[in-house]
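K.L.:
Let me give you the structure first, and then I'll get to my questions.
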Amino acid sequence: MNSPELTKLNRKYGIRDQLVFTEGSGGFVWAEIKNRHAEATVALHGGQVLSYRPQAQAPVLWLSRKRYFQTGKAIRGGIPVCWPWFGDHPTDTGMPAHGFARTAAWSVYASEQLEDESTRLTLVFADSEATRALWPHRFRLEIEVSVSDFLRVKLICTNTDNKPFTCTGALHSYFNISSISNIAIKGLEECPYLDKVDQGRRKVQEGPISIQRETDRIYTDTTAACTIEDNGLDRQIDITKNGSRTTVVWNPWTDKARRMQDFGDEEYENMVCVETAIGAEVVVTLAPGGSHTLEQVVRVGSLSSHKD
Ligand code: BG6
């Protein structure tokens with residue numbers, strides 16, 4: 001983006017001492033948010049939150065040091081938006097994994113300083129000839145990012161077509177952790193899941209999740225909040241959600257990490273994905289004019305104080 005366009009964006013949507021649009025890596029526009037609660041970066045590429053850090057905390061989101069900032073490629077880390085399908089396309093393996101929203105150019109729709117001095121930024125992405133060639137529907141997607149001492153992300157999809165459509169998706173959140181051996185994920189106990197590293201077998205979660213190998217699980221039919229307890233950072237990350245009956249937990253471990261070009265060989269140690277998702281089994285069908293909101297709220301607290 002050239003500087004007159006950046007100037008225009010800053011004039012219209014910038015907020016003094018809170019929100020500035022800059023040219024980030026790869027020439028992508030980044031919204032840099034800083035307020036008395038936290039700081040965050042949101043890329044217009046993919047409508048993707050790249051970072052979030054409340055005051056006096058280590059970064060909450062993980063971003064691969066080998067990520068691409070390239071047109072047509074997804075950014076490995078932060079919160080990619082998977083839509084209108086999660087994972088592989090249901091019938092066509094030639095289609096991009098996790099849909100096309102995460103590689104699309106989004107636009108700024110609104111920005112606002114809220115009463116408690118937190119900041120809200122709304123981006124929008126709608127169908128075009130290019131999207132209709134991949135998925136023959138008219139739609140409007142909005143992502144609303146609120147940066148406070150918590151991070152709220154709302155993905156609102158609306159059917160602007162004259163026929164119904166079905167979609168799946170996810171807020172594919174990558175969390176920064178001290179070490180994969182230091183964490184436990186709680187909240188999914190007794191939940192059924194599909195184990196993608198064991199031929200999609202249907203299993204039931206016993207106890208909290210600790211990760212000691214490649215893990216790729218789709219927890220079906222759960223609206224539960226999850227907590228990542230991190231003993232190394234002495235903190236817990238609470239993830240609550242709305243409009244989602246599916247949670248995905250993913251860590252590629254060693255071999256898969258090596259196979260991914262945009263993922264450092266050892267980086268699996270410091271990340272875990274806990275994804276607020278729609279699908280695989282509970283999809284969303286929208287009638288013309290209908291809309292659905294997928295919402296995730298992330299809060300960080302001290303582990304010791306929660307244990308007291
Ligand atoms: C997870 C999937 O949500 O995303 C995994 O469950 C997949 O199967 C992972 O490997 C990463 O996907 P991608 O397309 O970003 O490499």
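K.L.:
Any idea how many residues of the range 277-300 are over 23 Å from ARG152 (Cα atoms), assigned to a strand (DSSP E or B) and either among the polar types (S, T, N, Q) or within 16 Å of the ligand (Cβ to nearest atom) (or both)?
P.N.:
Number satisfying all stated conditions: 1.
Listed here are the residues, each with its yes/no results for (1) of a type in the set (A, V, I, L, M, F, W, C); (2) in contact with a strand residue (DSSP E or B) (Cβ under 7 Å, 6 or more places away or on another chain); (3) loosely packed, with under 15 Cβ neighbours inside 10 Å.
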site: THR227; (1), (2), (3): no, yes, no
site: ASN251; (1), (2), (3): no, yes, no
site: PHE263; (1), (2), (3): yes, no, no
site: GLU267; (1), (2), (3): no, no, no
site: ALA280; (1), (2), (3): yes, yes, no
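K.L.:
Looking at the structure I just gave you, is LEU303 surrounded by 15 or more Cβ atoms within 10 Å (Cβ to Cβ), away from the ligand (no atom under 14 Å from the Cβ), within 17 Å of the chain's Cα centre (by Cα) and not polar (S, T, N, Q)?
P.N.:
Values: surrounded by 15 or more Cβ atoms within 10 Å (Cβ to Cβ): yes; away from the ligand (no atom under 14 Å from the Cβ): yes; within 17 Å of the chain's Cα centre (by Cα): no; not polar (S, T, N, Q): yes.
No, not satisfied.
K.L.:
Taking strands (runs of 3 or more DSSP E) that do not extend beyond the range 132-224, which have at least 2 residues that are at pLDDT below 95? Spell out how you get there, then give the answer.
P.N.:
Working: elements: 139-147, 150-159, 165-167, 169-171, 174-176, 183-186, 192-195, 201-204, 215-219.
Fully inside the range 132-224 and qualifying: nothing.
K.L.:
Of (1) more than 26 Å from THR222 (Cα to Cα); (2) in contact (Cβ under 8 Å) with a residue 24 or more places away in the chain; (3) part of a loop (DSSP other than H, G, I, E, B), GLY87 satisfies all except one. Which?
P.N.:
Evaluating GLY87 over (1) more than 26 Å from THR222 (Cα to Cα); (2) in contact (Cβ under 8 Å) with a residue 24 or more places away in the chain; (3) part of a loop (DSSP other than H, G, I, E, B) leaves (1) as the failure.
K.L.:
Here are the criteria: (1) away from the ligand (no atom under 16 Å from the Cβ); (2) free of Cβ contacts under 8 Å to residues at least 40 places away in the same chain; (3) not β-branched (Val, Ile, Thr). Tell me which single one GLY200 does not satisfy.
P.N.:
Unmet condition: (1).
K.L.:
Regarding the range 152-171, can at least one residue be identified that is surrounded by fewer than 16 Cβ atoms within 10 Å (Cβ to Cβ), within 24 Å of ALA280 (Cβ to Cβ) and without any contact (Cβ under 8 Å) to a residue 12 or more places away in the chain?
P.N.:
The answer is no; no qualifying residue exists.
K.L.:
In the range 110-131, which residue that is of a type in the set (S, T, N, Q) and not in a strand (DSSP E or B) is farthest from the chain's Cα centre (by Cα)?
P.N.:
By that ranking, first place goes to SER128.
K.L.:
Mind listing whichever residues of the range 125-138 are touching a residue at least 40 places away in the same chain (Cβ under 8 Å) and closer than 27 Å to SER51 by Cα?
P.N.:
Just the residues of the range 125-138 that are touching a residue at least 40 places away in the same chain (Cβ under 8 Å), to begin with: 125, 135, 137.
Matches in the range 125-138: PHE125 only.
K.L.:
Which condition number does VAL274 fail, the rest of (1) under 20 Å from ARG76 (Cα atoms); (2) touching a strand residue (DSSP E or B) at 6+ places or on another chain (Cβ under 7 Å); (3) away from the ligand (no atom under 11 Å from the Cβ) being met?
P.N.:
Just one mismatch for VAL274, condition (3).
K.L.:
ALA43 versus (1) surrounded by fewer than 17 Cβ atoms within 10 Å (Cβ to Cβ); (2) in contact with a Leu (Cβ under 7 Å, 6 or more places away or on another chain); (3) of a type in the set (Gly, Ala, Ser): which is the lone unmet condition?
P.N.:
Only one criterion in (1) surrounded by fewer than 17 Cβ atoms within 10 Å (Cβ to Cβ); (2) in contact with a Leu (Cβ under 7 Å, 6 or more places away or on another chain); (3) of a type in the set (Gly, Ala, Ser) is unmet by ALA43, namely (1).
K.L.:
While we're looking at this one, here's another question. Take GLN296 and tell me if it is modelled with pLDDT of 95 or more, under 22 Å from HIS98 (Cα atoms) and surrounded by fewer than 16 Cβ atoms within 10 Å (Cβ to Cβ).
P.N.:
Working: modelled with pLDDT of 95 or more: yes; under 22 Å from HIS98 (Cα atoms): yes; surrounded by fewer than 16 Cβ atoms within 10 Å (Cβ to Cβ): no.
In short, no.
K.L.:
Of the conditions (1) within 10 Å of the ligand (Cβ to nearest atom); (2) surrounded by 17 or more Cβ atoms within 10 Å (Cβ to Cβ), ASP88 fails just one. Which one is it?
P.N.:
Only one criterion in (1) within 10 Å of the ligand (Cβ to nearest atom); (2) surrounded by 17 or more Cβ atoms within 10 Å (Cβ to Cβ) is unmet by ASP88, namely (2).
The values are calculated or read from the model by the stated rules, or taken from the named source; none is laboratory data. The structure presented is a predicted model; accordingly, all values stated were derived computationally and were not measured. Glycine gets a Cβ as well: all are built from the backbone with ideal geometry, and neighbour counts include every protein chain shown.
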